[in-house]
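Have a look at the structure below, then the notes.
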Amino acid sequence: MWKREKNSTAIRRRSKTPGVMITQYSASLPEGKSTPDFQCKPVPVTIPEGKLAVFRAVVTGDPKPDVSWRRAKGTITDKEKFQRKYDESTGEHILEVMTATESDTYKCSAVNEYGKAVCTTTLSVIDGKSLPQQFFLYFFLYKFLCFSKEERAGGENDEKFWDALLNAERKDYERICKENGITDLHLILKKLEEKKKQRGQNNLSAVAQINISNQKLNQPGTEEDLLLMEFKRRFYRNNLGCSAVAILIYNHVFAVSNVDFVIKIQEINVEEADNALFECVLTHPLPQITWMRKGLILEDGEKYSITVSEHKLIHRLMIKDCNQTDKGIYSAVAGITSCSAWLVVEDHKSGGKKTIHKTTLAGGIQTDLEIVAKEQQLKNQEEMEKILETIKVKQAAEKVRNGKTLKINGEYCNGTDQHFRTEDKIHFIWGLSDVDAIINETAELTCKLSSDDYEGAWFRDGKKISSDDVFFITKDGPIHKLVIIKCAEDHSGKYRFEADGRKTESMVNVKDPPRFNPEDLCAFTEPLAIKVGHNAIFKVQFVGHQPIKIQWFRDGDELQDDSSAKIENSAGHSRLLLSRCQRKDMGEIKIKLKNEHGFTEALSKLLVLDKPSPPQGPAEVTESSASCIEFKWRPPKDDGGSPVISYMLERQQVGRNTWKKIGEMKGGPTYRDTDVDRGRRYCYRIRAVTAEGISEAMETDDMQAGTFALPGPPTPPQVVSAFHDCINLSWSPPSNTGGSRILGYVLEKRKKGSNLWSVVNAADELIKGLKYAVRDVVEGIEYEFRVSAVNLSGAGESSNPSEFAFARDPKIRPKFTKRMKNFMVVKAGNSVRITVNFEASPRPEIVWLKDNMLVSKRVTVSNSDCSSQLLIPSSERSDSGVYSILVKNLVGQETSSTEIRVTDDPKPPGLVELEENVPGTVTVMWEPSPDEKRDDRLHYTVSKLDSSKRTWTPVADRLFNNRFTVCNIVHGREYHFRVFAKNDMGISEPSESPTWGTEKKKAFEQTHVQRVFERVTLLHTATRGYECYMSCAVKGNPSPHITWYRNHVSLNTNTNYYISNTCGVCSLAILSVGPKDMGEYTVIAENSLGRAECSTLLSVRGEWGMGTHSVTLRSLILIFLFCLSFRLNKLRTSVIR
């Protein structure tokens, strides 16, 4: 097992694979080595209780990582329950949970010596008795009825929920429904009355129970009724009757959802004390989803805020006041799908406690979630409208065939009338949504019809309402709106809008949560500043439904009545009194109001002002000389709530009893005293001054003024570089500064052979740094240098002389720092620019050549000390060639070359002719392109179009001659050929050949003959990684066109599938079956007389997390569904005829 070094620095980063976090142990990696990463991370699994669950992961990394597994709710050491495997053929690390009994979160880690990669997944366990039937039967119903209506809350079918209602008082009904996610209280009350009637009828048969369940549906004419009627009709037609299996399918449509995530939750980085907000968007509305962390379900409360939008598509989780214990992986579970993301909590950078809590969103989310949700809502509505339209048309046609009388758009017609209309009535684009209103505020209900020709009517609890002082009704085209002007408690209830027999309903719940008076709230949030020892008073007024629980907090700790804090509460008013406040009492003050309708909070800040504490010592002497003492200290630890304005200083000479006031010094905590005597000792008193007063004094230790002392010699100067007009030097400061700071340096020079030293810099211009460029030199002369340091006492001893240095340029052989490209293609008429950078000393001679000859006068050459540029303003084809540059000086020479090709878009070839020299082949001949003689790199490409295909196929490329023989020519087909000219610049327009061959068209008799599938495709179950082959026979006159679909998406142009149609046998082959290939496959045959289709289902073994003992049950269900779907398809075909 790899272990991380103790002193290494970890770097955290995200992988390209979503949901994977990588920790790198060192800042750099050796060449060819890499940290672990997940190429394929384990996916969440949902299985029945007691079944086998399998997680698979593929990891990468060099050296090969070690893979380990962990779970949140325990260990995985039990080998009978957990088995870890490695498949060498696929590189998969596998964890098998032999008998899953509870939902859990699993973590997979991959570690090598350079880092670690971690990802998580979830295991969801559902009641094993009903899941297989629920899942597969719902899959069938969703595919053939496309049921996308919003699901009812799962609590409706929970026996515990009904037991709680039956044993509770009437006033508790609303609370129990809210806890179980039920919004339609009116419907629940109806069902509750029926439940009470059923209590004494335990001997009812299954069929009787089914009939009672059917009576609980909405009133006739609703969309649910139409779907149920169509559902029953299909089962009766297949001789199934209204059996318990059929009712199971209908009942579980609302309990098992085919929901998925349009936008998943993303990773969030948040500072401590801030709020973090996870957001996701679903494909279908759900009243609630499950939020989890470390295998535990999160609930709405003071720590977590769980909200859902009105259309039930956007779900949010807010983690309030984040700290280090909140970091980790959070999961959102919707139905049988889930998604996860990290919450990373970082330390608060600025220090101290935060007074404002920000809400942080995921960094990757840039999309407007409301827009995405609205688009998804419209998409779901369109699907429902299509389904309802199809069902109504089929019901109308069925009644007409049976001779029954129909009323369509207000007209009566019978089965013999062939000219009745089947147009649909109006429908809702969007319906009403439940509204939580605040008392004394406005509330709006809005819906939209498919037409603006209908007025409609509004009802409250079954009574019609109209515009008055309470309600305001408007109509803007197809949009109808009801506004409750000032909500009161008696305005709660069920509201309904009806138009032409269609209706939509919603609940309005008028609540009275606690609310602050806006003026008091504005005054409360302003920080309160008082002086130490005074009292602080916070007060605020509020309204809300009584009783209201009132709590006061200081820095998160709840305040209680005691000697220092007094809380006074009354109806609509609360007051907090903090007595004799000290500096330690300052901080954040919060009031929290809570009642049964909700809660609210308000924040303020208490500032307690006092004089500052003394400055902090000890004082540090920064300079001590015979004429001055300079020292510094640290500011007060506590400034008393006000910034330090200045410092007051006093001085005492050691040995005397009196203190001399120096005065008030503004600025930073430093002072330079120049009124000192050499060798005397002094001490100082320092006080801090703020707007609140003067602090106590801080007394320094004794400080001695320096004596007269010169600095020591610096190190000998070093020659950094030398040129003909400049010599660069550097040195180090002296080890002995003489007791005072160094003011600067004096530099001297001397020619070789001379005894006279001359000063380089002026006497009044000391050199402040430790390096200097000497420019007063004569080329070819040899010099030596020395330097001396200067402090407050004067110039010290000079350093030893440096080594001799010549004032001349260094000799450097020419060397290219930026070479030319080996090959360049330029379009004729464009400019050519070649730039070459080099190093050389002395300055070299530069020569440009073209094909080993000097360049022409059309070419402009620009040279400098370290670069050269060649420019051709407007290039021509004659400028093509090999260009070379020669850089030469006394030390050596260097050369570099590049090939430039000036060309243009090629012109197309000439006339194309075809001839057949050998049966089954065609020789394509063409006249050369006009550019062939001027461009030796020009070549040709030939493409072919077969009458049996729709795309052009390349048959030859890079042809440098003017003919090509095409093989495999089939007699009876038409062929077309195209010839292109290509060069380095591009490709020409094609030259097309005449048509070769004639397609044989069989004459057929115009009779009413449709396509009929002679052999239906069977149900297919394939093993992952193996090939799968599907086929069926079809006949028809005229010959039909065949199209394959997977999940209603055409596969004819998908290169991953091999499709053929030979002599009426339609085939589809999949070479390597994977999970993405699962679904419903449909083949459709069409000609001018009609169409026919047949379908099959393809499943892949091992992809649903079920054990081998459940394959038989699944196979039976799939065969049952397939046979049923085939009969429905035949029925649909007969209706179309």
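A few remarks follow.
- Distance between modelled label sites at Thr1021 and Asn275, nm, 7 Å Cα→Cβ extension: 5.2 nm
- Distance violations [Cα-Cα > 19 Å] among Lys16/Lys73; Lys64/Lys85; Lys303/Lys584; Lys566/Lys605; Lys41/Lys64: Lys16/Lys73; Lys303/Lys584
- Taking 0.36 nm per residue of separation and subtracting the current Cα-Cα distance, fully stretching the chain between Gln551 and Thr658 would add 32.7 nm.
- For the stretch 515-609, the solvent-accessible area of protein heavy atoms averages 55 Å² per residue (probe radius 1.4 Å; ligands and nucleic acids excluded).
- Legend: Rg and Dmax of the stretch 258-346, from Cα coordinates, 12.5, 38 Å.
- A Förster radius of 25 Å combined with the Cβ-Cβ distance from Ala1033 to Tyr1058 puts the calculated FRET efficiency at roughly 0.85.
- Across Lys107/Lys178; Lys511/Lys549; Lys190/Lys312; Lys827/Lys888, pairs whose alpha-carbon gap is larger than 27 Å: Lys107/Lys178; Lys827/Lys888
- All aspartates and glutamates inside 12 Å of Lys982 as judged from Cα atoms, apart from same-chain residues fewer than 8 positions distant: Asp904, Asp905, Asp931, Glu932, Asp935, Asp936, Asp957
- Between the stretch 1042-1057 and the stretch 690-761, the Cα center-to-center distance that results, in Å: 84 Å
- With the simple spin-label model, which puts each label point 7 Å out from Cα in the Cβ direction, the Ala697 to Arg175 separation comes to 7.0 nm.
- Percent carbon-and-sulfur accessible area, the stretch 576-669, ignoring ligands, DNA and RNA, probe 1.4 Å: 50 percent
- Förster radius 25 Å - calculated FRET efficiency between Asn800 and Asp725 (Cβ-Cβ, nearest 0.05): 0.40
- Site pair Gln288 and Glu382 shows an inter-label distance of 3.3 nm when each label is modelled 7 Å from Cα along Cα→Cβ.
- Partner aspartates and glutamates for Lys666 [C-alpha distance under 16 Å; skip if fewer than 8 residues away on the same chain]: Glu630, Asp639, Glu650
- Residues of the stretch 786-814 with an amide N closer than 19 Å to a point placed 7 Å from the Cα of Ser864 along the Cα-to-Cβ direction: 814.
- Accessible area of the stretch 911-992 divided out per residue, in Å², using a probe of 1.4 angstrom: 58 Å²
- Sorting the segments 535-544, 658-667 by their residues' average number of neighbouring beta-carbon atoms within 10 angstrom, most packed first, yields 535-544, 658-667.
- The slack in the chain from Lys637 to Asp520, taken as 0.36 nm per residue of separation less the alpha-carbon distance, amounts to 38.6 nm.
- Ranked by the mean number of other Cβ atoms within 10 Å of their residues, highest first, the peptides 956-967, 509-520 fall in the order 509-520, 956-967.
- FRET efficiency for the Asp452 to Ala956 pair, using the beta carbon distance and R₀ = 56 Å, is estimated at 0.30.
- Contour minus Cα-Cα distance for Thr325 and Glu441 (0.36 nm per residue): 37.8 nm
The values are calculated or read from the model by the stated rules, or taken from the named source; none is laboratory data. Please read these numbers as outputs of a predicted model, since none were measured by experiment. Using ideal geometry, Cβ is built from the backbone for each residue, glycine included, and neighbour counts are taken over all protein chains shown. Accessible surface areas use protein heavy atoms only, side chains included; no ligands, DNA or RNA. Shrake-Rupley method; radii C 1.70, N 1.55, O 1.52, S 1.80 Å.
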